[in-house]
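We did not get these values from a lab; they are worked out from the coordinates using the rules stated. Please read all numbers here as calculations on a predicted model, not as lab measurements. Cβ coordinates were reconstructed from backbone atoms using ideal geometry, including for glycine residues, and neighbour counts include every protein chain displayed.
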Amino acid sequence: MADTATAPLLTSHKSKLAKAPSIDDTIETYIGSTGAMQLLKAVLLAFAWAFDAQQVFISVFTDAEPRWHCTTDAPAASCSQAEASPCALPPGAWAWDRPAETSVVSEWALNCAGPALVSLPASSFFAGCLAGGFLLTTLADSLLGRKKMLLVSLVTMSVAAVLTAFAPNVWVYAALRFVSGLGRSMVGTCTLVLSTELVGKRWRDTVSVAGFFFFTVGFLSLPALAYTFREASWRNMYIWTSVPSLCYSILLYFLAQESPRWLLVRGRKQDAMETLQQIASLNGNGITSSFSMLHACTMHEDDGASGGGAVFATLQTMWERPWALRRLAAIMTASFGVGMVYYGMPLNVGNLGSNLYLSVTYNALAELPSSILSWLLIGRINRRCSVVTLTAAAGALSLACVAIAQGSAARMAAETLSFFATCTAFNVIMIYSIELFPTSVRNSAVGLVRQALVLGGVAAPVLVALGRKRSFWSFGVFGLSIGCLGLFAACLPETRGRSMSDTMEEEEQNEAAVASCTNTAAAIATKNNSDLV
């Protein structure tokens, strides 16, 4: 009787152990190890970050307030270089050091219009990024997929940038910057998610960091371009950054593939098979076996987040699960503080009192060791404590800039180190957000995290404009924001070394398994302690 009663329990236990293969394991089984050509395509995708960086930071030069000087025929009493602004001086008593068309501020006489109007184009760009993130982020998980969403974003951003070069006034200029930001909002997210989903587990961290490296390349290209066109119109900057981006979009259309993971989660098995065949051929492996393992995979979400037609089903899925909502709220809060400093520091270099081209170059160069450090350590460091430590360091260094004298080398060093810590925190947060959420909602979750970063960027231009008179409003607020809000990362679970889940249900099972192991280990430790006593 005892054996008869136990048999169903054993059968049930074995059926739980013999669970369906994961999408991750299935894909790696068919395509084999990541080959050189497959890795090269993923790196080519990551290059989109370079064009993303150019549009994010181009206003550092196009919207900069140029230096001015007193004219020779001005009365000595009416003009003084000690004046903080020429707004109170009579006409003809001063002039710009360079032609007026080198900056939108000088061309449209915005220097005396107040901080709100001066910061309007940059704030409009980040507002567009924010709006695009909330309106478009779920399309990559639901209707369009990663590849199509990336192409739409790149083309929209590039076309808007081309048109910006022909803006007749600041209002049209700000409107076009909004549209450019709207398109740009999904470039980094789709690139990061798609490139990591096209390679095997071993290369995901490398491909993720490759995107950050190319972002640095795009950022570094701006001082070189600005110096080349220092005596020419600011409109040249937009032409020379947008046209290559359009050409790159055409190249991606023919070379890039859709994520097989997304195709499987969406139930598009035939498309997934064709994509897997293409990837396998890149690695020199032809798939001759049947695709029977695909039919055994868990490829549906019980709540319809992946199979339904509702665009915002993924957001509803996270909203209905307290654990997902807690994760999203915590990492978005930390991201807001990081974003304020990450986007604000480069815009604020004009307030350092040093050479603009050198200051921007130092900031861009700070991203390079940050990317290398992220690549070397991402497989070894814990995500949670790294974010808390880096944001605390960035906050302390930013606050130090308030106390250090303007124009000194120490102030530039503190600002560069603060930006370095912020860049590293940015990199870790992006990789962290990929690991925190399953495939079915990953693009939406990562998109929302990036929008929190951008929301910090929306406030940054106004703070920078206010900081021209009192540095606390820029460096001080930046330091307090990133230092305090970064502490919210302590509420998140650690993800280092964990495999990525594909559905919300699978993530819940993995979380329950981790909690069970933790409780078991705690119980054993308690028992051992009691035995010792």
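So the values come out like this:
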| read-out | value |
| --- | --- |
| Sorted largest first, extent of the range 130-281 alpha carbons per principal axis (Å) | 54, 29, 24 |
| Those residues of the range 478-500 whose amide nitrogen sits under 16 Å from the label point placed on N382, 7 Å along Cα→Cβ | 487-498 |
| Inter-label distance, nm, simple model (7 Å from Cα along the C-beta direction), M37/L325 | 4.9 |
| Computed log₁₀ I(q)/I(0) - Debye formula, equal Cα scatterers, no solvent, the range 320-420, q 0.12 Å⁻¹ | -0.47 |
| Extent along principal axes [Cα atoms of the range 357-501; Å; largest to smallest] | 50, 29, 27 |
| Whole-number Å³ per residue for the convex hull built on Cα positions in the range 456-502 | 99 |
| Difference of contour (0.36 nm per residue) and Cα-Cα distance, S408 to E508 | 30.7 nm |
| Principal semi-axes in Å for the range 374-436 [√(5λ), Cα gyration tensor, largest first] | 27, 10, 8 |
| Exposure proxy order (Cβ contacts within 10 Å, fewest to most) of R470, R146 | R470, R146 |
